[in-house]
1. Looking at region 139-231, which trypsin sites (Lys or Arg not before Pro) are DSSP coil and have at most 16 other C-beta atoms within 10 Å of their C-beta?
2. Report, to the nearest whole %, how much of the accessible area of region 166-231 belongs to carbon and sulfur atoms, 1.4 Å probe, protein only.
3. Ordered by residue, what ³J(HN,Hα) values in Hz, to whole numbers, does region 165-172 give under the Karplus form 6.51 cos²θ - 1.76 cosθ + 1.60, where θ = phi - 60° and Gly and Pro are x?
4. Under the rule of -39500 (n - 2.57) per DSSP H run of 4 or more residues, summed and divided by the residues of the chain, what mean residue ellipticity at 222 nm is obtained, to the nearest 500 deg cm²/dmol?
5. Tell me the relative contact order for region 36-111 as a rounded percent, counting alpha carbon contacts under 8 Å between residues six or more apart.
6. At 0.36 nm per residue, and after removing the present C-alpha to C-alpha distance, how many nm does the segment from ASN71 to GLU97 gain when stretched out fully?
7. For region 143-205, what D do you get in µm² per second when you plug the Kirkwood radius from alpha-carbon pairs into Stokes-Einstein at 4 °C and 1.567 mPa s?
8. Pop the C-beta distance of ASP149 and LYS31 into the FRET formula with R0 = 35 Å and round what comes out to the nearest 0.05.
Amino acid sequence: IEAKPRRRSAREVVDYIGESPEWGKVDSLVKKVAPIKANVLLLGETGTGKEVVARALHRLSGRKGPFVAINCGAIPRDLFAVELFGYESGAFTGAKEGGSVGKMEAANGGTLFLDEIGEMPIDLQVGLLRAIQEQQVTRLGSVEPRQIDVRFLAATNQNVQHMIDSGKFRADLYYRLSMVEISLPPLRKRASDIPLLVDFFNRELSKSLMLEYSPFGSDVVDVLSRYTWPG
């Protein structure tokens, strides 16, 4: 008989791992901002943990609704508005009976995380801006706006200012999303956290593989600590 995995209590939830001064600044800002309904823009290279931090912001916010994530770089342009705003029955050829709820409505009462926000088509950014400002969403094929209560978090690994200067990103949308900006340091700039991460994932993998935990030797940890961990 396969045992069901035990759900972790709130006290056991691990949002992220880090005790370095660099990560301490991030942790302090996350805990300060989380309870406030302020939009947050997370900046950092690929692999710095932007979605991990976004989930921590939601969990610590106390918001009762769900955490909904949407990857702006993975959605075909033609489907972007449908995914974000939803649609009414008959809004377009192939629209299913009864319509569909978009990601904004799905996140009502909770948090919408817009990952890779720099990939959002410029012509759709105005619709997102309006939804953020008005806290309303209008499904495709409808004229009736629906009231929502959503906190917006966004993330990008791109230089937003360069995108604004080149006309690829709206400045007004940037200002709405970046009420608070949190820059996440790459692992190579917080190398003292690597032994903690190594031990954490070693324990997690040991549990999932049902193996006895065996710590890495200091020589192995030293090698891993010197690696730059690109990506």
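The values are calculated or read from the model by the stated rules, or taken from the named source; none is laboratory data. Just so we're clear, the structure is a prediction, and the values are computed from it rather than from any experiment. Here the Cβ positions follow ideal geometry from the backbone for every residue, glycine too, while neighbour counts run over all protein chains shown. All accessible areas refer to the heavy atoms of the entire protein, side chains included, with ligands and DNA or RNA removed. Shrake-Rupley method; radii C 1.70, N 1.55, O 1.52, S 1.80 Å.
1. Filter output for region 139-231: LYS168.
2. Carbon and sulfur: 60 percent of the exposed surface of region 166-231.
3. After applying 6.51 cos²θ - 1.76 cosθ + 1.60, I find 5, 8, x, 9, 8, 6, 5, 5 Hz.
4. -10500 deg cm²/dmol
5. For region 36-111, the relative contact order is 33 percent.
6. 6.8 nm
7. This corresponds to a translational diffusion coefficient of 83 µm²/s.
8. That pair, ASP149 with LYS31, gives E of 0.95.
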